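Here is the structure we will look at, set down as structure tokens.
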Amino acid sequence: MMTIMSSQFRPVLERIADEIERTPGRGAPADYIPALAACDPRSFGMAVAELDGTVYGVGDWREPFSTQSITKVFTLALDLAREGDELWEHVGREPSGNPFNSLVQLEYENGIPRNPFINAGALVVTDRLHSRTGDAAGALLTFLREESGNPALDFDEEVAASEAAHGDRNAALAHFMAAYGNIDNDIPVLLDQYFRQCSIRASCADLALATTFLARHGIRADDTRLLTLSQAKQINAIMLTCGTYDAAGDFAYRVGLPGKSGVGGGIIAVVPGRCTLCVWSPGLDERGNSVAGVAALDRFTTLTGLSVF
């Protein structure tokens, strides 16, 4: 259950929100998904969740938005918990240095995606989770509802349909990997699962709470263990090195936290052993990361001194 109260981070978040409000230039929303293109780039929300479930936010922190690639963190956790290290035979753990939907890199690496957070890697993870659950998107939604304490979380069918209508490159990635024997399910089934996964709508509060298991070293909100200590460390490490498309180095330099962004304008971040954050502002830079979101997380770690470095 969500607990909302004044936290130790209240003055910091309020200061950041004020600074962001006065900052010109917020980037532009993703234009290839109509439902995202209509978002106001000056919208801004930020939430911090502490390990006991206390969550506090500023701005539009309770406004649901399209999670998009942020969900890749949770499908990775759910699959890694089920199959362990066997997963890494099918997807790598290295930064890509290329756009998140690159076909070229996949070809010269023989159908093994560079990491779980580029589209090819996320398709592999979703495929493997679907084989183990029979409904990867449903398993993800259930997990997010339970960890956030919000049973109202759901898919956005309009966004899923829009992504499917513009999903030729993802289909190409999936077919290419299938040719190398790295996809188990029928491609149309996999793509439907993937597009539904990315369409889930959630708020900063929901996502900050849902990510807390990574700050708690693999322990869920109900105090059961999802991941081993090593697995939680692995996911946080991959978020740090691969979580913000081909701008992960700059994100690590500026923010210094494991993070994962999505083209809906959201970014989650983890302070291991302390708290989790989610920030949302739909204006993106040329690499697909929220301009105001990165700036806000940069200010948070600067003002609090909380980073992994």
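The values are calculated or read from the model by the stated rules, or taken from the named source; none is laboratory data. The structure presented is a predicted model; accordingly, all values stated were derived computationally and were not measured. Positions of Cβ are generated from backbone atoms using ideal geometry, with glycine treated the same way; all protein chains shown enter the neighbour counts.
Here N150, N170 are screened, and the one residue that is crowded, with 18+ Cβ neighbours inside 10 Å, of a type outside the set (V, I, T) and not in a helix (DSSP H, G or I) is N150. In the stretch 250-307, the qualifying residues are those that are in contact with a Gly (Cβ under 6 Å, 6 or more places away or on another chain) and of a type in the set (A, V, I, L, M), and the one that is surrounded by the most Cβ atoms within 10 Å (Cβ to Cβ) is V279. Please find, within the stretch 67-84, the residue that is farthest from G262 (Cα to Cα) out of those that are hydroxyl-bearing (S, T, Y) and not in a loop (DSSP other than H, G, I, E, B). For the stretch 67-84, the residue satisfying everything is T75.
Taking residues in the stretch 155-168 that are of a type in the set (S, T, N, Q), and partners anywhere that are part of a helix (DSSP H, G or I) and surrounded by 13 or more Cβ atoms within 10 Å (Cβ to Cβ), the pairs with Cβ atoms closer than 8 Å and at least 6 places apart or on different chains are S162/P34; S162/A35. Test R145 against the stated conditions and say whether it is over 20 Å from H175 (Cα atoms) and either among the charged types (D, E, K, R) or within 18 Å of the chain's Cα centre (by Cα) (or both). So R145 passes the test. Say whether the condition of being in a helix (DSSP H, G or I) and more than 18 Å from Y180 (Cα to Cα) is met by at least one residue in the stretch 85-104. So far as the stretch 85-104 goes, yes, one or more of its residues are in a helix (DSSP H, G or I) and more than 18 Å from Y180 (Cα to Cα).
Of the candidates R201, R216, the single residue that is more than 19 Å from A137 (Cβ to Cβ) and touching a residue at least 40 places away in the same chain (Cβ under 8 Å) is R216. Pairs are defined by a Cβ separation below 8 Å, a sequence spacing of at least 6 or placement on different chains, a first member in the stretch 24-47 that is assigned to a loop (DSSP other than H, G, I, E, B), and a second member that is of a type in the set (F, W, Y); the pairs so defined are C39/F65; S43/W280; F44/W280. Annotation: of all residues in the stretch 212-231 being small (G, A, S) and more than 17 Å from the chain's Cα centre (by Cα), the one that is farthest from I268 (Cα to Cα) is S230.
Within the span defined as the stretch 219-231, every residue fails to be part of a loop (DSSP other than H, G, I, E, B), touching a Cys at 6+ places or on another chain (Cβ under 9 Å) and within 26 Å of W61 (Cα to Cα).
In the stretch 52-77, the residues that are within 20 Å of A232 (Cβ to Cβ) reach residues that are of a type in the set (S, T, N, Q) and modelled with pLDDT of 95 or more with C-beta atoms within less than 6 angstrom, at least six apart or across chains, in these pairs: T71/Q197; T75/T126. Considering each residue of the stretch 177-184 in turn, at least one proves to be without any contact (Cβ under 8 Å) to a residue 60 or more places away in the chain and more than 21 Å from P64 (Cα to Cα). Picking from residues in the stretch 188-203 that are within 12 Å of the chain's Cα centre (by Cα) and aliphatic (A, V, I, L, M), the one that is nearest to V58 (Cα to Cα) is A202. Looking across the stretch 48-66 at every residue that is assigned to a loop (DSSP other than H, G, I, E, B) and either farther than 15 Å from G273 by Cβ or among the charged types (D, E, K, R) (or both), the one that is farthest from the chain's Cα centre (by Cα) is identified as D52.
When the residues of the stretch 284-297 are filtered to those that are touching a Phe, Trp or Tyr at 6+ places or on another chain (Cβ under 9 Å) and not basic (K, R), the one that is nearest to A30 (Cα to Cα) is G288. A search for C-beta distances below 8 Å between a residue of the stretch 245-264 that is touching a residue at least 40 places away in the same chain (Cβ under 8 Å) and polar (S, T, N, Q) and any residue that is assigned to a loop (DSSP other than H, G, I, E, B) and buried (at least 24 other Cβ atoms within 10 Å of the Cβ), counting only pairs 6+ apart in sequence or on different chains, returns S261/G243; S261/T244; S261/N289. Close contacts from the stretch 128-146, counting a first residue that is free of Cβ contacts under 8 Å to residues at least 24 places away in the same chain and a second that is not hydrophobic (A, V, I, L, M, F, W, C), with Cβ to Cβ under 6 Å and a gap of 6+ residues or different chains, come to R145/P151. How many residues are over 30 Å from A28 (Cβ atoms) and among the hydroxyl-bearing types (S, T, Y) when one looks only at the stretch 39-87? Of the residues in that region, 1 qualify. Looking only at residues that are within 15 Å of V58 (Cβ to Cβ) and not in a loop (DSSP other than H, G, I, E, B) in the stretch 276-289, which one is nearest to the chain's Cα centre (by Cα)? Per the stated criteria, the residue is C278.
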